[in-house]
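Structure, as structure tokens:
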Amino acid sequence: MELYDELVARGLIAQVTDEQEIKKMINAGKATFYIGFDPTADSLHVGHFMALCLMKRLQMAGNKPIALLGGGTGMIGDPSGKSDMRKMLTKEDIDHNIECFKKQMSRFIDFSEGKAIMVNNADWLLDLNYIEVLREVGACFSVNKMLTFECYKQRMERGLTFLEFNYMIMQSYDFYMLYQKYGCNMQFGGDDQWANMLGGTELIRKKLGKDAHAMTITLLLNSEGKKMGKTEKGAVWLDPNKTSPFEFFQYWRNIADADVMKCIRMLTFLPMEQIEEMSAWEGSELNKAKEILAYELTKLVHGEEEADKALEGAKSLFGGRGNTDNMPTVKVELTDGKIGILDLLVNTKLAPSKREARNLVSGKGIAVDDVIIEDANAQIEINGEIILRKGKKVFLKVVV
RNA sequence: GGGCGUGUUCCCGAGUGGCCAAAGGGGGCAGACUGUAAAUCUGUUGCGUUUCGCUUCGGUGGUCCGAAUCCACCCGCGCCCA
């Protein structure tokens, strides 16, 4: 199967500017394309991961990727599809985040020998002259038109600042610069970026009279229409220090039935034939698919060794065996060999406060070495290690 | 700059002087049932040394025995006018 058809079959493509042209170009490995990453946090997340995978797929077919770090656009903040303005990042935050991004990216994409390049739009955006930009670029944008864009809809109701309104212009300018500097003829991005990306193709047409293309990646939504890769506590990060490989594994292992196959198709590199076979699975059989999904993704993000560990750890916990080697571990300080259960829960961050710890205990949600603790005043003795469990899925090995 | 609104706990949203740690819903967490799924039902959801105490309703300062609720000033946000 050719690349473009595979991307379609995997459900990765949301919108394209010129399907025939793009298909021809990427199948032939003729595209030089870019994807922008704004340094909004100190780690990449699942959405970035999808973009990087797409980058990899295209790179494997001979196309040349440009990873654009948003050192300049990060100073503004993209309002697309957001209901509120984000907190403004400081220059220091942005620089730090960029360093974190760089490290993580080179794990996925081969930047050696010019196979891919990494650039930072701070290099050209930060020194722009206001009046010059207004005359040169601002004149190409219609405010009337911009105000009608769907991506600003929520902000038209709740307020959009001039700062953010300019984001689109800066992103368009990026594409225009990359076209001239590197012959970049295509841009990829999340589907929420569509308007921003078209801004770039139009700017290139107006200023240079040339055609450039844009293609968006389907946003990964769950069956309830919410963005995937988010938990109550925040994003699922690729940085093992922010989301441990075990937690990462568990996130995908616990995915809803309705979403498994979609995720396997969109996120893994398993061959399409194998995926076709799996798509016939139903009911509890799907449970196996979840394990495959979790393993494959953990392997891609954290490497085979970590994936094996996570799989082992999960199996032993849920399969009833007692292998605790790979369980997340926390060390606690004891006074005279024991600790109150409430303090233990708070110290291990299983409960945010003693109040909640108490509620968990009285709701029979806490077990030590598989024995449910019912007394909130219980003193737990720890010699060596114990297994602390909250609910059914949260396990912690506690050592002294 | 002027006018009119508005700001409540994770979110939406009730509350306009004591019965308010604050209705209801959503979300979260836990229990039952299950396949580490979904749906459903139950409990819980500010903090603590828990029949009680403490801190909270944009901020500060007042009035009052008593303030989320009244007053003054300030700040944020929205709409209209400029």
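Suppose the filter is within 12 Å of RNA strand B (Cβ to nearest atom), closer than 30 Å to A:GLY225 by Cβ and more than 27 Å from the chain's Cα centre (by Cα); does A:GLY283 pass it?
Yes.
What's the number of the only condition in (1) more than 8 Å from RNA strand B (Cβ to nearest atom); (2) of a type outside the set (Phe, Trp, Tyr); (3) in a helix (DSSP H, G or I) that A:GLU333 fails to meet?
Going through the list (1) more than 8 Å from RNA strand B (Cβ to nearest atom); (2) of a type outside the set (Phe, Trp, Tyr); (3) in a helix (DSSP H, G or I), A:GLU333 breaks only (3).
Exactly one of these conditions fails for A:GLY303: (1) within 19 Å of the chain's Cα centre (by Cα); (2) away from RNA strand B (no atom under 16 Å from the Cβ); (3) touching a residue at least 40 places away in the same chain (Cβ under 8 Å). Give me its number.
Failing condition for A:GLY303: (3).
Residues of the stretch A:130-148 being farther than 21 Å from A:GLY72 by Cβ and either touching a residue at least 12 places away in the same chain (Cβ under 8 Å) or away from RNA strand B (no atom under 16 Å from the Cβ) (or both), which ones? Show your work before the answer.
Taking the stretch A:130-148 first, the residues farther than 21 Å from A:GLY72 by Cβ are A:142-145, A:147-148.
The answer is A:SER142, A:LYS145.
Taking the conditions exactly as written (of a type in the set (D, E, K, R) and closer than 29 Å to A:TRP237 by Cα), does A:LYS390 satisfy them or not?
Yes: the conditions hold for A:LYS390.
Considering only the stretch A:35-94, how many residues are out of contact with any helix residue (DSSP H, G or I) (no Cβ under 9 Å at 6 or more places or on another chain) and touching a residue at least 60 places away in the same chain (Cβ under 8 Å)?
Looking only at that region, the number is 3.
Table: residues versus (1) among the polar types (S, T, N, Q); (2) more than 16 Å from RNA strand B (Cβ to nearest atom).
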| position | (1), (2) |
| --- | --- |
| A:ASN196 | yes, yes |
| A:GLY200 | no, yes |
| A:LEU208 | no, yes |
| A:THR218 | yes, yes |
| A:LEU221 | no, no |
| A:LYS227 | no, no |
| A:LEU267 | no, yes |
| A:GLU273 | no, yes |
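Being farther than 19 Å from A:THR329 by Cα and surrounded by 16 or more Cβ atoms within 10 Å (Cβ to Cβ) is the filter; apply it to the stretch A:358-377 and report the residue that is nearest to RNA strand B (Cβ to nearest atom).
If we take residues in the stretch A:358-377 being farther than 19 Å from A:THR329 by Cα and surrounded by 16 or more Cβ atoms within 10 Å (Cβ to Cβ), then A:GLY365 is nearest to RNA strand B (Cβ to nearest atom).
On the given criteria, is A:LYS390 under 30 Å from the mean Cα position of the chain (by Cα) and in contact (Cβ under 8 Å) with a residue 40 or more places away in the chain?
Judged against the criteria, A:LYS390 is a match.
Across the stretch A:149-167, what is the total count of residues that are free of Cβ contacts under 8 Å to residues at least 40 places away in the same chain and either hydroxyl-bearing (Ser, Thr, Tyr) or closer than 18 Å to A:ALA139 by Cβ (or both)?
Result for the stretch A:149-167: 1.
Report yes if A:ALA314 is over 30 Å from A:GLU296 (Cα atoms), within 28 Å of the chain's Cα centre (by Cα), surrounded by 12 or more Cβ atoms within 10 Å (Cβ to Cβ) and not basic (Lys, Arg), otherwise no.
no
Only one of these is touching a Phe, Trp or Tyr at 6+ places or on another chain (Cβ under 6 Å), at pLDDT below 95, more than 26 Å from A:GLY47 (Cβ to Cβ) and not in a loop (DSSP other than H, G, I, E, B): A:LEU311, A:LEU317. Name it.
So the residue among A:LEU311, A:LEU317 that is touching a Phe, Trp or Tyr at 6+ places or on another chain (Cβ under 6 Å), at pLDDT below 95, more than 26 Å from A:GLY47 (Cβ to Cβ) and not in a loop (DSSP other than H, G, I, E, B) is A:LEU317.
Got at least one residue in the stretch A:169-181 being at pLDDT 95 or above, of a type in the set (A, V, I, L, M) and either touching a strand residue (DSSP E or B) at 6+ places or on another chain (Cβ under 8 Å) or within 16 Å of RNA strand B (Cβ to nearest atom) (or both)?
Among the residues of the stretch A:169-181, at least one is at pLDDT 95 or above, of a type in the set (A, V, I, L, M) and either touching a strand residue (DSSP E or B) at 6+ places or on another chain (Cβ under 8 Å) or within 16 Å of RNA strand B (Cβ to nearest atom) (or both), which makes the answer yes.
Could you tell me whether any residue of the stretch A:86-106 is over 28 Å from A:PRO240 (Cβ atoms) and either modelled with pLDDT of 95 or more or over 18 Å from the mean Cα position of the chain (by Cα) (or both)?
Within the stretch A:86-106, one or more residues are over 28 Å from A:PRO240 (Cβ atoms) and either modelled with pLDDT of 95 or more or over 18 Å from the mean Cα position of the chain (by Cα) (or both).
Can you tell me which residue in the stretch A:215-256 is nearest to A:ASP191 (Cα to Cα), limited to those that are surrounded by 15 or more Cβ atoms within 10 Å (Cβ to Cβ) and more than 15 Å from the chain's Cα centre (by Cα)?
Step by step, filter the stretch A:215-256, then rank; the result is A:THR216.
The values are calculated or read from the model by the stated rules, or taken from the named source; none is laboratory data. Since this is a predicted model, take the numbers as computed values, not measurements. Note that we place each Cβ from the backbone using ideal geometry, even for glycine, and neighbour counts take in every protein chain shown.
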